[in-house]
């Protein structure tokens, strides 16, 4: 005989009650809106960002009143004019752009062999070791890693002390452009390798054997088979490395020691040194625009690739 | 086969260079934290744990660590439900304007961190929320949310829609189906995403720097402020905390879902 309803476990009855409430609040006829309801919290959260951008846009049209040190009430394009004409901003912008290009190229040169060995190795232990070596710095954060470089490269750091032991005078390894670029390459490597890896995994190993059995040596196999097939991965990785290094703050600040400012450092200084919020907002918005255009162009040309979220087609 | 040797030598040359680059700062920080001297020198002046004793007694460093932990906890607590729901919605349903929604939800990645940080600083400032820790946690959730959504959608691809239909066919109401079938199917993604969110928020530097004031500095900001003055070994010792947390997170990730998931092609 069927047991009476009261003998059902409490959790069942609880769940039934919740279902009844849910059905009452959200009848089945609304079901088309369910995905939107599920997306709502994320949309609201990202909405904070949109509000912030809106606020920055508003601020960027107000100049700093040097008499009261308050933003002006009326709108003008004066900040944008300054951003494009003042030499300081041009220097900083070109330093960041050239720097991020160099960093992207070097990072990809190192990321590709790393990714390739990691994907192709037959040894599970080696693969795990390479993954751990990749994730550890990725999970440690920029400040601690930059601190490590200070210890290694500083004027009384390991490299200089070691050089001193063999009688070489200390070399200034820090607070210059190469130090910043080096730090950025180190920071970007895990991102680049992790974005290249899925693209390389997708290339069947037989393709390479086929190229080999047709007489191509490994260099030609790489150039004509692996690299072209890995192109989406290279584009995704290059894009991420480029935008992240273009907009980085911590590495130029710590390893550049104030003399090698990138755009983000200039923006920070506008807000916290000169207290010119309007100018800072202008620079930040221009950086957002440059970053979004870069991402947009690549997406338009090659699709969202590795970054895509959502239904697998 | 001919040329295999030169291939291996070339590849390994790059891999070893990359390994040195990746690991050198971590190893050096670890080594420096055990120095017996008052300065970080090379070669080290002997081993001791005195800098660990020093940080255990330093209330400012300890408080900064707990603040970072609170921020990371708030960030994770917000992003788990938000990212899971959004991820499942994107993976499972044919949402109208899906492409637009995706571009919108990728905004935290396309907007540079300095831009997001300043924007959030301006609106939190306008609403009078600055000087507290929970807005920093929310900010970290905003800027890293795509990681959480990505992790969930990636594992939802393995969710067979027939399973949900089967559950419904057996009489399970929608909410029960969701909790008993859909959510367990994406659990590996939720775990991966949550770990990423926690670690990234714990380490978050720039957005923290913009949103905190002198009374509530988080640990990365505290370290940044200190290395601008003098480099002492106590910073190395406190940095080891980050290294330890990162190691634990990697071990957890490997044990629960396997690090190999990052190599999979979609």
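Any read-out appearing in this document is the output of simple, stated calculations on the displayed coordinates, not a laboratory observation. In this text, all values refer to a predicted model and were calculated from it rather than measured experimentally. Neighbour counts run over all protein chains shown; Cβ positions are idealised from the backbone, glycine included.
Given only helices, namely DSSP H runs of n ≥ 4 each adding -39500 (n - 2.57), what is the per-residue ellipticity at 222 nm of the protein assembly as shown, to the nearest 500 deg cm²/dmol?
About -23500 deg cm²/dmol.
Could you please rank A:248, B:234, A:65, placing first whichever residue has the fewest other Cβ atoms within 10 Å of its Cβ?
Working: A:248 28, B:234 19, A:65 12.
Ascending Cβ contact count within 10 Å gives the list A:65, B:234, A:248.
At a temperature of 4 °C and a viscosity of 1.567 mPa s, determine how fast the protein assembly as shown diffuses translationally according to Stokes-Einstein, using the Kirkwood radius over alpha-carbon pairs as Rh; express D in µm²/s, rounded to the nearest whole number.
50
Roughly speaking, what is the stretch gain from residue A:57 to residue A:11, that is 0.36 nm per residue apart minus the C-alpha to C-alpha distance, in nm to one decimal?
Between residue A:57 and residue A:11, full extension yields 11.4 nm more.
Please compute, over every Cα-Cα pair in the range B:59-263, the percentage with a separation greater than 26 angstrom.
Result: 43 percent of Cα pairs exceed 26 Å.
Once a ≥ b ≥ c are taken as the square roots of the eigenvalues of the Cα gyration tensor of the range B:1-111, is the result rounded (a/c under 1.5), prolate (a/b larger than b/c) or oblate (a/b not larger than b/c)?
It comes out oblate by the Cα gyration axes.
Of A:57, A:216, A:250, which is the most mobile in a GNM of chain A whose springs link Cα atoms less than 10 angstrom apart?
Sorting by GNM fluctuation, first place goes to A:216.
Relative contact order (percent) for chain B, with alpha-carbon contacts under 8 angstrom and 6 or more residues of separation?
29
What Kirkwood radius, in Å to one decimal, follows from the Cα pairs of the range B:191-266?
That comes to 14.3 Å for the range B:191-266.
Once you place label points 7 Å from the Cα toward the Cβ at residue A:217 and residue A:97, how far apart are they in nm?
Each label point lies 7 Å from its Cα, and together they span 4.0 nm.
Rg (Å, one decimal) plus Dmax (Å, integer) for the alpha carbons of the range A:78-304?
Gyration radius and largest Cα-Cα distance of the range A:78-304: 20.6, 66 Å.
So how tilted is helix B:134-156 from the main axis of chain B? Cα-based, degrees 0 to 90, rounded to 10.
Approximately 50 degrees, to the nearest 10.
Working out 0.36 nm times the residue gap between residue A:169 and residue A:227, then minus their Cα-Cα distance, what length gain in nm do you get to one decimal?
Full extension from residue A:169 to residue A:227 adds 16.5 nm.
Apply 1/(1 + (r/R0)^6) to the Cβ-Cβ distance of residue A:156 and residue B:104, taking R0 = 41 Å, and write down the FRET efficiency to the nearest 0.05.
0.25
How many nm is it between the label spots at residue A:105 and residue B:45, if each spot is 7 Å from the Cα in line with the beta carbon?
A separation of 4.5 nm, rounded to one decimal place.
Which one of A:202, A:78, A:264 has the biggest mean-square fluctuation once chain A is modelled by GNM with Cα springs under 10 Å?
Of A:202, A:78, A:264, the Gaussian network model singles out A:202 as fluctuating most.
Hey, rough spin-label estimate for residue B:163 and residue A:40, points 7 angstrom out along Cα→Cβ, what's it come to in nanometres?
Between residue B:163 and residue A:40, the label points sit 2.7 nm apart.
Based on the alpha-carbon gyration tensor of the range A:127-259, what equivalent-ellipsoid semi-axes (square roots of 5 times the eigenvalues) come out, in whole Å, largest first?
Those come to 36, 19, 14 Å.
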